[in-house]
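This report concerns only the one structure given below.
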Amino acid sequence: MSVTDTAPAVQSRWAKVLSEVFAPWVIVIALSGSVAWQATHAVLPTIAWGLLIAATSSILPMGVIVWGARRGRWDGHHVRDREGRLVPFVALLVLSGGCLALLIRWGAPRMLVALDVAMIAVLLVSGALTVWWKVSMHAAVAAGAVVILAVAYTPWLLPLLLLAVAVCWSRVRLRDHTTAQVVAGTVLGVVVGGGVFALTL
């Protein structure tokens, strides 16, 4: 077998790795902890606030998705079928809204409130788009996370957008999204996610 014959298989394997390692739920966990640290600069508050946001915006929603996938309610843990995304979106909105209420009630640092508001904003816009079109949440979360970290820490983190580009490539390579869908997701993450975070600070 020649190199040209094996290249597509290798690319597909890398695409799968990128899609799993930089899946939205994984990025949200890392982002929650990173922003919590920048907001508090203390270990215990970072763990507490980070876990609250990660649990409501990533871990618990992912549990709902896996549960539904195992029962055949949708086509897998990435929910590739557009029509199957309604329940996960609603679960995410309810849990994230509950988290926002707790953050405000318990006097969380403003940066953490801004993070949750930004994620809710992305969910609302992507949910509205999903009614008629499947925007890439992988792209939205990856790109949005980079911009949020750049705002929270330093603009020198913006080159990490190259990772978001790699994630976009993986989604198109796996044929889970079109180029237009990953571009739309990237714009959504940067403009809505990053923009709302910056404006809410």
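Observations on the structure shown:
- Subset of the range 93-115 [open to solvent by 30 Å² or more (accessible area, probe 1.4 Å), free of Cβ contacts under 8 Å to residues at least 60 places away in the same chain and of a type outside the set (D, E, K, R)]: 93, 94, 95, 97, 98, 100, 101, 102, 104, 106, 107
- Of all residues making up the range 147-165, the number that are surrounded by 15 or more Cβ atoms within 10 Å (Cβ to Cβ) and touching a residue at least 24 places away in the same chain (Cβ under 8 Å): 8
- Checking each residue in the range 178-188 for being part of a helix (DSSP H, G or I), open to solvent by 60 Å² or more (accessible area, probe 1.4 Å) and of a type outside the set (A, V, I, L, M, F, W, C) picks out only 179.
- Annotation note: of 147, 131, 125, the sole residue that is on the phi < 0 side of the Ramachandran plot and under 13 Å from the mean Cα position of the chain (by Cα) is 147.
- Qualifying residue in the range 169-177 (condition: open to solvent by less than 10 Å² (accessible area, probe 1.4 Å) and either of a type in the set (Phe, Trp, Tyr) or touching a residue at least 60 places away in the same chain (Cβ under 8 Å) (or both)): yes
- Members of the range 9-22 found to be of a type in the set (A, V, I, L, M) and in contact with a helix residue (DSSP H, G or I) (Cβ under 7 Å, 6 or more places away or on another chain), listed by number: 15, 18
- Sole exception among (1) more than 19 Å from residue 65 (Cβ to Cβ); (2) in contact with a Ser or Thr (Cβ under 8 Å, 6 or more places away or on another chain) for residue 111, by number: (2)
- Within the range 15-39, tally of residues that are open to solvent by 50 Å² or more (accessible area, probe 1.4 Å), under 18 Å from residue 177 (Cα atoms) and among the aliphatic types (A, V, I, L, M): 2
The values are calculated or read from the model by the stated rules, or taken from the named source; none is laboratory data. In this text, all values refer to a predicted model and were calculated from it rather than measured experimentally. Cβ atoms come from the backbone with ideal geometry, glycine included; neighbour counts cover every protein chain shown. The accessibility values were calculated without ligands, DNA or RNA, using every heavy atom of the protein model including side chains. Shrake-Rupley method; radii C 1.70, N 1.55, O 1.52, S 1.80 Å.
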